[in-house]
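First the structure, in the form of structure tokens, and then the observations on it.
The values are calculated or read from the model by the stated rules, or taken from the named source; none is laboratory data. What you see is a predicted model, and the numbers here were worked out from it, not measured in a lab. A quick note on method: Cβ atoms are made from the backbone with ideal geometry, for glycine too, and the neighbour counts reach across all protein chains shown. Each accessible area value is taken on the protein alone, full model and side chains, heavy atoms only, with ligands, DNA and RNA left out. Shrake-Rupley method; radii C 1.70, N 1.55, O 1.52, S 1.80 Å.
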Amino acid sequence: MFDLLVKNAKLSDRNELADIAVSAGRISAIEPAMEAEAANTINADGNFVTPPFIDSHFHLDSALSYGQPRINQSGTLLEGIQLWGELKPTQTVEDFRNRALEFCRWSIARGTLGLRTHVDISDDRLLAVEALLDVRKTMKPYMDIQLVAFPQDGFLRAGQSRTNLLRALDMGVDVVGGIPHFERTMADGAESIRQLCEISADRGLLVDMHCDESDDPMSRHIETLSAETTRLGLEGMVTGSHLTSMHSMDNYYVSKLLPLMAEAQIHVVANPLINITLQARHDTYPKRRGMTRVKEIAEAGINVAFGHDCVMDPWYSFGSHDMLEVASMGLHVAQMTGTRQIQTCYDAITTSAASAMQLGDYGIAPGKQADMVILDCKSPTDAIRLRPARLKVIRKGNIIATTPKADPTVMIGGQSAQVDFVPAGMRSV
Ligand code: FE2
């Protein structure tokens, strides 16, 4: 007797439909047409059942603050930083907590059950840290949240950052952050990486730095981050977020850099929605796209994920935390329309993101935690194309969110028509 049986699931790794049996919050078996009793049986009706979406780069402390204290009129990074500087001192623990909890409900509705969020530790009061530690605990039954201690104002540049970062880690923040390109000099940037990686080595913590979020081709902190990772034996524990300067680097230099990153088993997180809007603002035409070299990084055997980064905050007025929107933008900006490349973009919001966060219990396989999402479509490609309803969001074998299937009935010219955006010839697949 199983707790849950999901019948007729389309999975990405097999052609025929399969049934997924769940006991005590874990996947017990995956087999075609199982004859089994279960306390709760649901029919996926041949729809695509995916492991949950994972957002490996986000900022929960600023999310949903759109319009406070005013709207970013220019839409630029610099006005965004100025706005955040005005807003931050006015926020209470309750403000941070309430916005984050509201946002987590959006995430769950979208089937995103893993989130790595940076939390700004530049303010000595560490109110956002206090709030987000509480949110991490409150949301644990529904989603996995990792916190990164992020020195937004610079680790060496802002005098109190080292003390605050260590305090945040002592309070229970999971990951060591950084922002080397924002330090006063290239040398300071490199020194900040050395110090932060040593903190990580001392404490056995993962690292995730905002790194080279710049159009400057000489912003090469990812080289130092890779070298320090290897020097300190942190292989597989370190993430370079953004790496937008790689877009503008000389090809010969990149041919040396990629093997260094692969040797250090660096994880890369690109943020397509934010990179395409904030980078290359000084360009006229031709105008750079700004996102890092996702295709080449993946081809070099380096793990690459996509993050949402921002939703309705001082930097970005858009978004509803739909990771399929992120995958779609990443695929388009990187021109990754080949069959395997489409899968790489889908993996960037699922398995590759889980790998960057070291979520070892992730995936639809026997023995794994029973987290999955039934989508109203048949394949990863259609998931990216249609961004369909998350019919059922399942966490540890419990259905934690449901969204009704979209009604395909449309009145066209006074006549009722069925429009589901799937060609007739493909509907039976
Ligand atoms: Fe970020």
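Kindly state, to the nearest 0.05, the FRET efficiency for ASP45 paired with THR337, given R0 = 35 Å and r defined as their beta-carbon distance. After rounding, the FRET efficiency stands at 0.75.
Please report the relative contact order for the range 53-356, taking Cα pairs under 8 Å with a sequence separation of at least 6, and give it as a percent rounded to a whole number. Walk me through the intermediate numbers first.
On the way: 633 pairs, mean separation 59.9, N = 304.
After rounding, I find 20 percent.
Once you've got the GNM for the chain with C-alpha springs shorter than 10 Å, pick whichever of GLN146, GLN82, GLN160 has the biggest mean-square fluctuation. Comparing GLN146, GLN82, GLN160 in the GNM, the peak value goes to GLN82.
Accessible surface for ARG125 stands near 120 Å², nearest 10, in the context of the full protein assembly shown (1.4 Å probe).
Going 7 Å from the Cα of SER255 along its beta-carbon direction, which residues of the range 268-295 have the amide nitrogen within less than 20 Å of the resulting point? 293-295, by backbone N distance to the label point. Largest accessible area first, the listed residues GLU263, GLU102, GLU79 line up as GLU263, GLU102, GLU79 when surface is computed with a 1.4 Å probe on the assembled protein chains. Between the alpha-carbon centres of the range 96-131 and the range 304-341 there is a gap of 19 Å. Fully extending the segment from THR409 to ALA365 would add 12.2 nm, taking 0.36 nm per residue of separation and subtracting the current Cα-Cα distance.
Rank TRP106, TRP84, TRP315 by accessible area, highest first, at a 1.4 Å probe radius? Don't skip to the end; give the middle numbers.
Working: TRP106 75, TRP84 10, TRP315 35 Å².
Accessible-area ranking of TRP106, TRP84, TRP315, largest first: TRP106, TRP315, TRP84.
Return the single residue from LYS378, LYS256, LYS392 with maximal mean-square fluctuation; model: Gaussian network over the chain, springs between Cα atoms under 10 Å. Ranking LYS378, LYS256, LYS392 by mean-square fluctuation puts LYS256 first.
With both labels modelled 7 Å from their Cα along Cα-to-Cβ, the VAL93 to LYS137 distance reads 1.0 nm. Here's how it looks for PHE2: its modeled amide H is under 5 Å from those of GLU37, ALA38, ALA39, which are all 5 or more places away or on a different chain. Counting only protein heavy atoms and a probe of 1.4 Å, the accessible surface of the chain is 52% carbon and sulfur. Post the alpha-carbon centroid distance, the range 360-401 to the range 209-287, in whole angstrom. Answer, in whole Å: 31.
When the alpha carbon coordinates of the range 105-173 are projected onto the principal axes, the ranges are 40, 18, 14 Å, largest first. The modelled label-to-label distance between GLU263 and LEU78, using points 7 Å beyond Cα along the C-beta direction, is 3.9 nm. Note on the range 53-356: with charges restricted to the Cβ of Lys and Arg (+1) and Asp and Glu (-1), its dipole about the Cα centre is near 380 debye. Of the complete DSSP H runs in the chain, none spans 30 angstrom or more by Cα along the long axis with a mean Kyte-Doolittle score not below 0.0.
Please compute one quarter of the surface area of the Cα convex hull for the chain and express it in square nanometres. Could the numbers behind the result be given before it?
On the way: hull surface 91.0 nm².
That works out to 22.7 nm².
Rounded to the nearest 10 square angstrom, ARG162 shows an accessible area of 100 square angstrom against a 1.4 Å probe. With a Förster radius of 45 Å applied to the beta-carbon distance between GLN418 and MET171, the computed FRET efficiency rounds to 0.25.
Heavy atoms of the protein chains alone define the surface here; on that basis the chain has 41 Å² accessible area per residue at 1.4 Å probe size. Computed over Cα pairs, the Kirkwood radius of the range 296-424 leads via Stokes-Einstein (1.306 mPa s, 10 °C) to a diffusion coefficient of 94 µm² per second. Under a Gaussian network description of the chain, with springs only between Cα atoms under 10 Å, the residue in GLY85, GLY307, GLY397 that fluctuates furthest is GLY85.
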